[in-house]
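Take a look at the structure set out below.
The values are calculated or read from the model by the stated rules, or taken from the named source; none is laboratory data. This one's a predicted model, so the numbers in the text were calculated from it and none came from an experiment. Here the Cβ positions follow ideal geometry from the backbone for every residue, glycine too, while neighbour counts run over all protein chains shown. Calculation scope for accessible area: heavy atoms of the full protein, side chains included, ligands and nucleic acids excluded. Shrake-Rupley method; radii C 1.70, N 1.55, O 1.52, S 1.80 Å.
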Amino acid sequence: MLRVLLAACAPALALAALAPPTVARAAERLSVTLTIHDYPPFIGPQLPYGGLLSRVVAEAFRLSDVDVKFVPVSSNRAITGVMMGLYDGGFGWAHAADRDRKLLYSDNSIYTFRMVFFQRRGDDHPWKTLADLAPLQIGTTLGDHYSDEFSALQETSKLHVQVAASDLNNMRKLLVGRIDLFPMEEEAGKLLIQGALTPAEQNLLSCQSVAISAVPTFLVLRRTLPRAQELIERFDRGYRQLLESGRLAKMMEETRKAMLNSPMTFNNSSTAP
């Protein structure tokens, strides 16, 4: 009887040996809700692709089988709402002690914000420490943070600071000589000048090469979010895929060009990382 069973099973066993290996089950599709606020050209509900960083974040998650829902909120609520547990996460945020206790950060920094001074072309205002700029008039934008050192000098009135409602207002004050310097994120400032000022006005402004601060920013998720660590890992995997394939640079350049052709880009509003 045993010989009969083995003989009957032999064809089936042979076929099984020749069959291709079982295909691994596709990764479970997840979803995440992220805050989005106005910080052109990086983030903005009305911007092409939602801004430079929004597009990258959505695509990195898509490559790792995660659906992203963006929820427009005010600039302040974009991070405090996450820390309060109202939203799953956000992006374009830097490390800070109060955030680190409540948030998980991506391994990959998605962008480094580089704060520099803009000035009138031909003017030269060299400095080694920010205190060297005490004789000058410096414009700032309400609610923005440039560096801890800058804030400390401003609070002790060791810098002469004029506060304006928007970055564009400060650029115009710079043009007419009402201020000598204006600090802003380098790429955002250059894109603002290129998109909101006339060619003649653009030629009158430049930025310094020395940075006030360089701030790496990240995707963040609240620690209490179920499967938060898995979502972070999936994002990092997708981001590395974009970076290593060269698609990241192509996407950024394509989005920059779309920004310059969009009138919505320069309805100026900003917040610090």
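Taking region 65-75 as the range and being under 19 Å from Ala94 (Cβ atoms) and within 15 Å of the chain's Cα centre (by Cα) as the test, only Ser75 passes. Among residues of region 192-206 being among the hydrophobic types (A, V, I, L, M, F, W, C) and in contact with a Lys or Arg (Cβ under 7 Å, 6 or more places away or on another chain), the one that is surrounded by the fewest Cβ atoms within 10 Å (Cβ to Cβ) is Leu204.
For region 63-78, which positions are touching a Lys or Arg at 6+ places or on another chain (Cβ under 9 Å) and either in contact (Cβ under 8 Å) with a residue 60 or more places away in the chain or farther than 22 Å from Gln46 by Cα (or both)?
The answer is Leu63, Ser64, Asp65, Val66.
Considering each residue of region 105-116 in turn, at least one proves to be within 24 Å of Ile212 (Cβ to Cβ), open to solvent by less than 20 Å² (accessible area, probe 1.4 Å) and either of a type in the set (D, E, K, R) or assigned to a loop (DSSP other than H, G, I, E, B) (or both). Within region 118-139, the set of residues being without any contact (Cβ under 8 Å) to a residue 40 or more places away in the chain and surrounded by 13 or more Cβ atoms within 10 Å (Cβ to Cβ) comprises just one member, Ala134. Whether any residue in region 83-104 is assigned to a strand (DSSP E or B), over 22 Å from Pro45 (Cα atoms) and open to solvent by less than 40 Å² (accessible area, probe 1.4 Å) is what I want to check. For region 83-104, residues assigned to a strand (DSSP E or B), over 22 Å from Pro45 (Cα atoms) and open to solvent by less than 40 Å² (accessible area, probe 1.4 Å): present. If the condition is being open to solvent by less than 40 Å² (accessible area, probe 1.4 Å), modelled with pLDDT of 90 or more and among the small types (Gly, Ala, Ser), then region 152-172 contributes only Ala164. Restricting attention to region 217-237, does a residue exist that is surrounded by fewer than 15 Cβ atoms within 10 Å (Cβ to Cβ), in contact with a strand residue (DSSP E or B) (Cβ under 6 Å, 6 or more places away or on another chain), modelled with pLDDT under 95 and within 30 Å of His125 (Cβ to Cβ)? Scanning region 217-237, I find no residue that is surrounded by fewer than 15 Cβ atoms within 10 Å (Cβ to Cβ), in contact with a strand residue (DSSP E or B) (Cβ under 6 Å, 6 or more places away or on another chain), modelled with pLDDT under 95 and within 30 Å of His125 (Cβ to Cβ), so the answer is no. Here Lys257 meets each of (1) in a helix (DSSP H, G or I); (2) surrounded by 14 or more Cβ atoms within 10 Å (Cβ to Cβ) with one exception, condition (2).
Scanning region 25-58 for residues that are among the aliphatic types (A, V, I, L, M) and part of a loop (DSSP other than H, G, I, E, B) yields Ala26, Ala27, Leu47.
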